[in-house]
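Only one structure is covered here, and it is reproduced in the block below.
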Amino acid sequence: MLIYILKRLGLAVLVALCVSVLAFALLRVQGNAASALAGEGASAEDIAIIIRTHGLDRPVVVQYLTWLANVLQGDLGTSYFFKRPVAELIVSKIGNTVILAIMSLAIALTLAVPLGVLAAVYSGSWIDRICSGISLLGQALPSFFLALCLVMLFAIHLRLLPASGAQTWQHFILPAVTLGYYITPPFMRLVRAGMIDALSNDYVRTARAKGIPSHKVVLKHALRNALVPVVGLVTVQLGLLIGGSVVIESIFALDGLGYLAYQSIGYRDFPVLQAVVLLLSLVYVVLTLLSDVVNAWLDPRLRVS
């Protein structure tokens, strides 16, 4: 197991280095970075000052190594628009996004696992069709439409929950339900498919032949193997939730990391955009590494291979 983890860790480090190169290249993809920073109508003298100030006249390799060294020391630069250190800005925003992502994922799993198990156990029945219908509805409804419906019902008419802000945990319920229900369908389908496959295996039939109660066979024997691919999907969806909640954060006025990325694009705030892209990419790398380790723990065949 230790050798397996070390191999995956080495691969994760290589991927992280590649990600850092791509994040650094963001500033240069759009062409002349100095002209973009100076804005329209800037004179040649203004552009020259920006080039000297930001060290854009140095070789690209030197610029990258300098930037990487600063990043490793926790220095992500200074925001051009907000006039604050980028690291300080991200720290102040990321908490809301992480809370929203974790709550959304918990809601999705709470819905998807029972529905997937029921659909598999009663495959082909009306229970299966109802669970599939719930899954299809979650995939068909646009997240922003569901968000507005929830606001109208629970915040405006019933006045049970706040419609915007991030002051208390109640403020996260509506956006978390919106995102959680939106990502429930892939989890539900994966659990259902895994359970149907597991329930048809010989070890399940052997367990039933030994007289083990059906609920123990389903939950202890079949569900554990069915959840192995779900772990990988959890990491993907968690990364998507952290990086892709811009619309929901805007609707519910959650000042998080996704909305900060959206603002940095509009303001051409390249240091912030670089840092956000790098951070979200590293989140994917770390979550993928954790997924591999957990899957290897759940399924020893992966370690052997």
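The values are calculated or read from the model by the stated rules, or taken from the named source; none is laboratory data. Computed from a predicted structure; not experimentally measured. Ideal geometry is used to build each Cβ from the backbone, glycine not excepted, and the neighbour counts take in all protein chains shown.
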> Could you say whether any residue in the range 29-52 is in contact with a helix residue (DSSP H, G or I) (Cβ under 7 Å, 6 or more places away or on another chain), small (G, A, S) and modelled with pLDDT of 80 or more?
Replying inline: no
>> So, restricting to helices (runs of 4 or more DSSP H) that lie completely within the range 79-182, which ones have at least 3 residues that are touching a Phe, Trp or Tyr at 6+ places or on another chain (Cβ under 6 Å)?
In response: 86-121
> From the list G165, G211, which one is surrounded by fewer than 17 Cβ atoms within 10 Å (Cβ to Cβ), on the phi > 0 side of the Ramachandran plot and under 23 Å from the mean Cα position of the chain (by Cα)?
Replying inline: G165
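Is it true that V71 is over 30 Å from the mean Cα position of the chain (by Cα), of a type in the set (V, I, T) and modelled with pLDDT of 70 or more?
no
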> Going by the structure shown, is R208 among the basic types (K, R), at pLDDT 85 or above and touching a helix residue (DSSP H, G or I) at 6+ places or on another chain (Cβ under 7 Å)?
Replying inline: no
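Rundown of residues vs (1) part of a loop (DSSP other than H, G, I, E, B); (2) more than 14 Å from the chain's Cα centre (by Cα); (3) over 23 Å from V151 (Cβ atoms), yes/no style:
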residue	(1), (2), (3)
L254	yes, yes, no
G258	no, no, no
S264	no, yes, yes
V272	no, yes, yes
V277	no, no, yes
S281	no, no, yes
Y284	no, no, yes
T288	no, no, yes
S291	no, no, yes
>> Yes or no: the range 91-100 includes at least one residue that is free of Cβ contacts under 8 Å to residues at least 40 places away in the same chain, charged (D, E, K, R) and under 30 Å from Y182 (Cα atoms).
In response: no
>> Every residue in the range 56-103 that is within 21 Å of L22 (Cβ to Cβ), out of contact with any Ser or Thr (no Cβ under 8 Å at 6 or more places or on another chain) and among the aliphatic types (A, V, I, L, M), please.
In response: L56, V60, V61, V62, L65, A69, L72, L76, A87, I90, I94
>> List the residue pairs whose Cβ atoms are under 6 Å apart, where the first residue sits in the range 3-25 and is surrounded by 11 or more Cβ atoms within 10 Å (Cβ to Cβ), the second is among the hydroxyl-bearing types (S, T, Y), and the two are 6 or more positions apart or on different chains.
In response: V19/S281; F24/Y64
>> Just checking, does the range 136-143 include any residue being farther than 30 Å from S20 by Cα and touching a residue at least 60 places away in the same chain (Cβ under 8 Å)?
In response: yes
>> Every residue in the range 102-127 that is surrounded by 15 or more Cβ atoms within 10 Å (Cβ to Cβ), more than 20 Å from the chain's Cα centre (by Cα) and in contact (Cβ under 8 Å) with a residue 60 or more places away in the chain, please.
In response: L115, G116, V117, A119, A120, V121
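In the range 6-24, how many residues are farther than 19 Å from V61 by Cα and in contact with a helix residue (DSSP H, G or I) (Cβ under 6 Å, 6 or more places away or on another chain)?
Let us first name the residues in the range 6-24 that are farther than 19 Å from V61 by Cα, namely 6-13.
So of that shortlist, the ones also in contact with a helix residue (DSSP H, G or I) (Cβ under 6 Å, 6 or more places away or on another chain) come out as 8, 12.
Qualifying residue count, the range 6-24: 2.
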